[in-house]
1. Take the residues in segment 594-651 that are part of a loop (DSSP other than H, G, I, E, B), surrounded by 14 or more Cβ atoms within 10 Å (Cβ to Cβ) and not β-branched (Val, Ile, Thr), then tell me which one is modelled with the lowest pLDDT.
2. Of all residues in segment 135-148, how many are farther than 27 Å from Ser266 by Cβ and part of a loop (DSSP other than H, G, I, E, B)?
3. Quick check on this structure: which one of Leu16, Leu39 is in contact (Cβ under 8 Å) with a residue 60 or more places away in the chain and of a type in the set (A, V, I, L, M, F, W, C)?
4. With a cut-off of at least 1 residues that are within 29 Å of Glu455 (Cα to Cα) and not aliphatic (A, V, I, L, M), name the strands (runs of 3 or more DSSP E) lying wholly within segment 355-412.
5. All but one of (1) surrounded by 15 or more Cβ atoms within 10 Å (Cβ to Cβ); (2) in a loop (DSSP other than H, G, I, E, B); (3) touching a residue at least 60 places away in the same chain (Cβ under 8 Å) hold for Ala99; state the number of the condition that does not hold.
6. Glu277 versus (1) touching a Lys or Arg at 6+ places or on another chain (Cβ under 6 Å); (2) touching a residue at least 40 places away in the same chain (Cβ under 8 Å); (3) not basic (Lys, Arg): which is the lone unmet condition?
7. Return the residue satisfying two criteria in turn: it lies in segment 391-414 and is touching a residue at least 40 places away in the same chain (Cβ under 8 Å) and under 58 Å from the mean Cα position of the chain (by Cα), and of such residues it is surrounded by the most Cβ atoms within 10 Å (Cβ to Cβ).
8. Go through (1) within 30 Å of Ser190 (Cβ to Cβ); (2) exposed (fewer than 14 other Cβ atoms within 10 Å of the Cβ); (3) free of Cβ contacts under 8 Å to residues at least 40 places away in the same chain for Arg304 and report which single condition fails.
Amino acid sequence: MAEFWSNNDRGYRIRLWIDQVGQDKVANTSQVRFQLALLNTTTTFAQYQCSAYIDFEGQRLNWSGSPSMLGWYQTIPLIDQTVTINHDSNGEKTFSFSAQFNGSGGWSPRPLTISGNSFPLTDIQRSSSVSVDAGTIGSSVTININRQSSSFKHTVRYIWGTKSGTIASNVDTSTTWTIPLDFANDIPNSETGTGTIYVDTYSGGARIGTQSATLTASVPASMKPTFTGVSLSDSSAAAQNVVQNANTFIQIISNIKVAFNGASGSYGSNITGYRAEIVGKNQTTDFNGGTLGIMNYNGTFTVRASVSDSRGRWSDTRDVTVTVLEYFAPSLKIDVNRVGETSSSLEIIRNARIAPLIVNGAQKNTMKLTFKVSPYGKDDYTTDTGPASGEWLSVSSLVNSPANLAGIYAANRSWKVLAVLEDKFTSTSFKEPVPVESVALSYDQSGLGVGKIREFGALDVAGDIYANNSQIQQYQLTSNNGAPKWVDKNANLIDQPGQYYLDPSVPGNPNGQWGYLFHYSNYGKNDDGFKEAIQTFWGNNGQLFFRHHRWSMIIDDWEPWVDYTPKKTSVVKREIQIGWGVRANLVRESNVVTLSLERGIYSLPPYEYAPLAEKIPNGFKPCVQTHMVVNKNASNGHYGCAVWHLETNGDIRFSNPNTDTVDGNAVYTGTVTYITEDEYPH
């Protein structure tokens, strides 16, 4: 117990007793008893209204009353109360306090005060603190305990998501704990999670408090998704039907489809992503069942695959080796010779090649060669079933291989031989003309043949024709009657100079209209060589187009059409104000502008080159300073001219001489035309 006294007023004093009467170690509090009393010596009073209080820790204990102190050396109790005071977090506590008694004049005491004092409480031994470093799920962490007394014992507990449990009991200052692997199940979408470590402190078998620390734990690198592998198939049914061999594909034809097998997350994670690639080829897919794209290459390659999960973890990759067989389009060339006693049999010299597609030593592709013959100048082909035709499984090329057609093809007529080479995927064709039997000179009742048997017209010449040692023009640019040649198939494939009439629907028509196409080439007719040409097209609707064929051996290598149709300029009109309510009209066509004042009666002040607030709008400004001279008349009298000065930046200035009319009004009329360089107005 401690005793504290106030100041002295005529023998009056107050006394404060403070006594610590109890402690709650778990709650970290003490119970303190305050007793305040009024004492006197030989001065007395009675029935005065008085008050008193004790202040501590932000609290106040109050008293009021009308005491009677009629005897000498008397003591009157005022306040007797026990309160609870919280200790600091370290278990220590010293608090300040004050007390005061107030009388009400006369014989009662003037203010009696106790102040400037403090009272220490007995320290409370506090619960131990805990710390733990970040850890990895499945690995051990050390939990460190900072205890306040060497006699304290501890129980260590955890809470992680919905999981809780005791880690260790009867612990002194530390314990080691392996974070359970199943903690990862609670964080399926994250690589880290947090929980709480609790330490209960016991003193003499009684728990005196609990403190906690946050546990941050990461999913170990070993916890990543897995999959058993990938199954590769060919999204091209045609290629799949030909090869029929696992992980073997065909250049250009195949497109590898990837199916991921047995994909599974780890400790609660879900599969969220897929990736497969052809290593080194920048061809990938990112979904199950996706394709890797057309392969314009051949050889042995690696398909590498992996999966990812909801934590963003990627699995180990798995590799599959694939074979891409070389493929190229069939190539074909034939030469035709007349043979036999009457030169009516045709011998074919065959040069043909297909991609063999060898799998396990066996050819999987088939070469098929077919011949058809038509009279020259017609498209009336008949299939020839002679030994030159055939279908081979074990043969992929023929080199200068001779074989005859079965038919009889008269020597006095020209023919066209069409050869078609096919494999399992595509085909190509080759046409070869067969002229009539070669002779020096022939004739019949219809005409003369030079260098050949006569077939066509009155004069049928095999070879160039010369006159006066110069070769004459022998190329047909138009139809026989001078009309353009008709095109109803594909204008992009034209390779013969001339004049053509285009059907609206043919490929290469630039505007879908009937029209006239002119084809020019410095190489003339394209005969197995480079082609460079231009085409112009006049549509029946008046549109004009131009395009250029690049220097190339490709028949259809055209640049886009360019529209050169003359554009009609539009007329644009504006009404503007040019000061004092005077209206004018602007008219622009092409780069010519006309400004015309609307005739009217106006009263305008005299000025010399005065600036106006109005402007010439964009699109109509003059390219040089321009002056609109305006006539002024009143009835039949002329009163000079006013001038509007038009500046290149759109400013307007005004000049006007003194007006001599009776009332100042005059009729104003005027027009000016000038050139503008402004952008065309909308």
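The values are calculated or read from the model by the stated rules, or taken from the named source; none is laboratory data. Owing to the predicted nature of the structure, the values given are computational and were not obtained by experimental measurement. Ideal geometry is used to build each Cβ from the backbone, glycine not excepted, and the neighbour counts take in all protein chains shown.
1. Leu604
2. 2
3. Going through Leu16, Leu39 in turn, just one is in contact (Cβ under 8 Å) with a residue 60 or more places away in the chain and of a type in the set (A, V, I, L, M, F, W, C): Leu16.
4. The qualifying strands (runs of 3 or more DSSP E) are 367-375, 382-384, 397-404.
5. (2) is the only condition that Ala99 fails.
6. So the condition that Glu277 fails would be (2).
7. First, pick out the residues of segment 391-414 that are touching a residue at least 40 places away in the same chain (Cβ under 8 Å): 396-405, 407-414.
Applying the additional criterion that residues be under 58 Å from the mean Cα position of the chain (by Cα) yields 396-401.
Values: Ser396: 19, Ser397: 14, Leu398: 23, Val399: 9, Asn400: 8, Ser401: 15.
Looking at the filtered set, the residue picked out is Leu398.
8. (2)
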